[in-house]
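The next block holds one structure in the form of structure tokens; read it before the comments.
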Amino acid sequence: MAQRALELRRGKLFLIPGDSPMGLRLPIASLPHIPEEDYPYIVERDPLDPRGPLPSYAPPSYTPPPAAEQMSVFEQAPSASGAANQNVEEQKLRKGGVRTAMSIEIREGVMCAFMPPTETIEDYLELVSAVEATAQEMQIQVHIEGYPPPYDPRIEVIKVTPDPGVIEVNIQPAASWREAVATTFGLYEDAAQVRLGANRFLIDGRHTGTGGGNHVVIGGATPADSPFLRRPDLLKSLVLFWQRHPSLSYLFSGMFIGPTSQAPRIDEARHDSLYELEIALAHVPPPGVKAPLWLADRLFRHILVDITGNTHRAEICIDKMYSPDSSTGRLGLVEFRALEMPPDPRMSLAQQLLIRALIAMLWREPLDGKFVRWGTTLHDRFMLPHFLWEDFRDVLGELGRAGYAFEPEWFTAQLEFRFPVFGSVHHGGVTLEVRQALEPWHVLGEEGSAGGTVRYVDSSVERLQLKAEGFVEGRHIITCNGRRLPMTPTARSGEAVAAVRFKAWQPASGLHPTIPVHSPLVFDIVDSWNGRSLGGCVYHVAHPGGRSYETKPVNSYEAEARRLARFQDHGHTPGKIDPPAEQRTLEFPLTLDLRTPLLH
């Protein structure tokens, strides 16, 4: 590696004041100007270039350059007092020079080596070997900081980054399933050692994830080995299969779903996005036809985006598949983002295994055809855990027919964690179960605040699923606060489900500020033949006695106590009841929205 001394205006190095590492406080502005045609740019190596084995490095020996080469930019003339003055003259353009430097400093008894940017991994490893040899010779600890090594598939890199509310860990690729299992279990165990976890309890006692993503990234050992670059039709099949099964978008996601979430579906944003995507799919070559590496990126880059055009926030993210922006974007990677970090490593491995099996199936059996125009069904039928689970069982059935045997029991823990049961009652031969359902949140319009312009998220609306067993159509009616639920029969005889959408709390800024809170919710099993309620239950959003919790639950027992306190297995409406009229809407036929006006 070439070495050259930095040439400064005053001949000495004066750091910029501060307490940051030395490499961040170098006086870059004091370096001589270099013409653009001679500027020593750092050009990253093409990730598709073939690479041989990494060499072994011996401790290098440093030989200072000859004094004749150590030229100063400015002539220094002695003043009358004998001190050196800087002549006032324009800085001249010159060829050659350096713009990177490696800085070494001792901080708190540790030798800190600030690494400069390098073009190749060989240069980076050569510097690291020199630092380690020096630290071993001096018998002191060493801390490597500064610029990360350039991308190279021959080394494994794990990155730990603080994000708002979570710690983001980008783990190294796994070459086999056993390696993926060992890495996943090791990550959870290491996190537990420092008292970190992937779950939390809300103030009302609900058990949820932390909001961090369990994003699964699929690629190859090298970018050229990526299945998505070798077979563009694989990405086409994945997009088709994923869109046809909404359970893949919602069963493993976090609380924030919808068109403005972190991983929106392609059909949750623009209404004509599926139309445009079908045009792109028609230009994907079939299996066996060789295609240029850039084809899949050019076809999907401007369609697999969120409503703002952000490629990284798409449900199926391809911004690192073959991006023309930088060499680190041409890695052949596809990221599946509709996954939240589950509380147990086995749940995470079940999700990873599912995606691996889908890719293997679609590699052997490519898909073709049209998308499903779900419309408002996405935010109606597939917000209910019953129909999501039925759709997911269809996914497992397709995998089973392709030779990949999956058992639904492997994902039952995920279902119960995602959609907890608040309680159930049994009256008059009818069992009524209250379970958490999904509710898409929406980002509001811009508002001014003390810190600038903000956009709030309205999370004040919640949704519950009501499932009735022993339900007799024409006799039994399920009501909520006196309004009739649109109970819909399922595939099982005597079973019906519906959803109730309500305003749980009053935010400072939200949709429909004049609509009051609907809690508590009183559910009745009404016998229309007798005109009376057989029984019911009451669901409270907060403590029924009006207690206001100031802190979150300290453990799972306190959280469970808070959840149990919010459900009462009694409290039905007494007296004679006139059966209310059905209020089924065209947009959301399975959901009773208590925010809508009561029809008379």
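What follows draws every value from the coordinates through simple rules; no lab data is involved. Nothing here was measured: the structure is a model prediction, and the numbers come from that model. Reconstructed Cβ throughout: ideal geometry from the backbone, glycine too, with neighbour counts over all protein chains shown.
Just to confirm the number: angle between the C-alpha axis of helix 121-138 and the first principal axis of the chain, 0 to 90 degrees, nearest 10?
The angle comes out at about 70 degrees.
Packing-wise, with mean Cβ within 10 Å as the measure, how do 196-204, 519-527 rank, highest first?
Descending packing order for the listed peptides: 519-527, 196-204.
Subtract the Cα-Cα distance of ARG154 and LEU594 from 0.36 nm times their separation in residues, and report this length gain in nm to one decimal. All intermediate terms of the calculation are to be shown ahead of the outcome.
On the way: separation 440, 0.36 × 440 = 158.40 nm, distance 5.81 nm.
The ARG154-LEU594 span can extend by a further 152.6 nm.
At 7 Å along the Cα-to-beta-carbon direction for both GLU189 and ARG455, put a label point, then send me their distance in nm to one decimal.
Going by the 7 Å Cα→Cβ label model, 4.4 nm.
About its Cα centre, how strong a charge dipole does the range 341-396 have in debye, to the nearest 20, once Lys and Arg get +1 and Asp and Glu get -1 at the Cβ?
Numbers: 7 positive and 7 negative charges, 23 e Å.
Dipole about the Cα centre, nearest 20: 100 debye.
Holding the Cα-Cα limit at 24 Å, pick out from LYS236/LYS320; LYS503/LYS552; LYS159/LYS320; LYS370/LYS467; LYS236/LYS290 the pairs that are longer than that.
Numbers: LYS236/LYS320 17 Å; LYS503/LYS552 22 Å; LYS159/LYS320 17 Å; LYS370/LYS467 33 Å; LYS236/LYS290 15 Å.
The answer is LYS370/LYS467.
Where a ≥ b ≥ c are the square roots of the eigenvalues of the C-alpha gyration tensor, would you call the range 181-340 rounded, which needs a/c under 1.5, or, failing that, prolate if a/b is larger than b/c, or oblate?
oblate
Using Cα atoms only, what is the angle between the long axis of helix 556-565 and the major principal axis of the chain, expressed in degrees (0 to 90) to the nearest 10?
30 degrees
Figure the gain on full extension for ILE42 and GLU587 (residue separation times 0.36 nm, minus the Cα-Cα span) and round it to one decimal in nm.
Stretched fully, the ILE42-GLU587 segment lengthens by 190.6 nm.
Which value in deg cm²/dmol, rounded to the nearest 500, describes the helix-derived mean residue ellipticity at 222 nm for the chain, given -39,500 (n - 2.57) per DSSP H run of n ≥ 4 and division by the residue count?
Details: 11 runs with 125 residues, N = 600.
Calculated at 222 nm, the ellipticity per residue is -6500 deg cm²/dmol.
What range in the chain is the longest one free of GluC sites (Glu not before Pro) that are in a loop by DSSP and have at most 16 other Cβ atoms within 10 angstrom?
Values: sites that count: GLU44, GLU75, GLU89, GLU90, GLU108, GLU119, GLU156, GLU473, GLU550, GLU582, GLU587.
Of all site-free stretches, the longest is 157-472.
Relative to the longest principal axis of the C-alpha atoms of the chain, give the angle of the C-alpha long axis of helix 232-244, reported between 0 and 90° and rounded to the nearest 10°.
Computed tilt is about 30 degrees.
Which loop trypsin sites (Lys or Arg not before Pro) in the range 484-517, with loop taken from DSSP, have no more than 16 other Cβ atoms within 10 angstrom of their Cβ?
ARG492
Going by Cα centres, the range 199-219 and the range 294-345 are how many Å apart?
21 Å
Straight-line reach only, C-alpha to C-alpha below 25 angstrom: list the lysines that LYS12 could link to, leaving out same-chain residues fewer than 8 apart.
LYS92, LYS95
Need one number: nm distance between label points at GLU278 and GLN172, each 7 Å from Cα along Cα→Cβ, rounded to one decimal.
According to this spin-label approximation, the distance is 4.7 nm.
For GLY423, what residues show an amide H to amide H distance below 5 Å, using hydrogens built from the backbone and excluding near sequence neighbours?
It is VAL434, by chain and number.
Which length gain, in nm to one decimal place, applies between ARG298 and GLU447 when the Cα-Cα distance is subtracted from 0.36 nm times their residue separation?
Fully extending the segment from ARG298 to GLU447 adds 50.0 nm.
Would you mind classifying the range 333-378 by shape? Square roots of the alpha carbon gyration tensor eigenvalues, ordered a ≥ b ≥ c; an a/c under 1.5 is rounded, otherwise it is prolate if a/b is larger than b/c and oblate if not.
Taking the square roots of the gyration eigenvalues as a ≥ b ≥ c, the range 333-378 is oblate.
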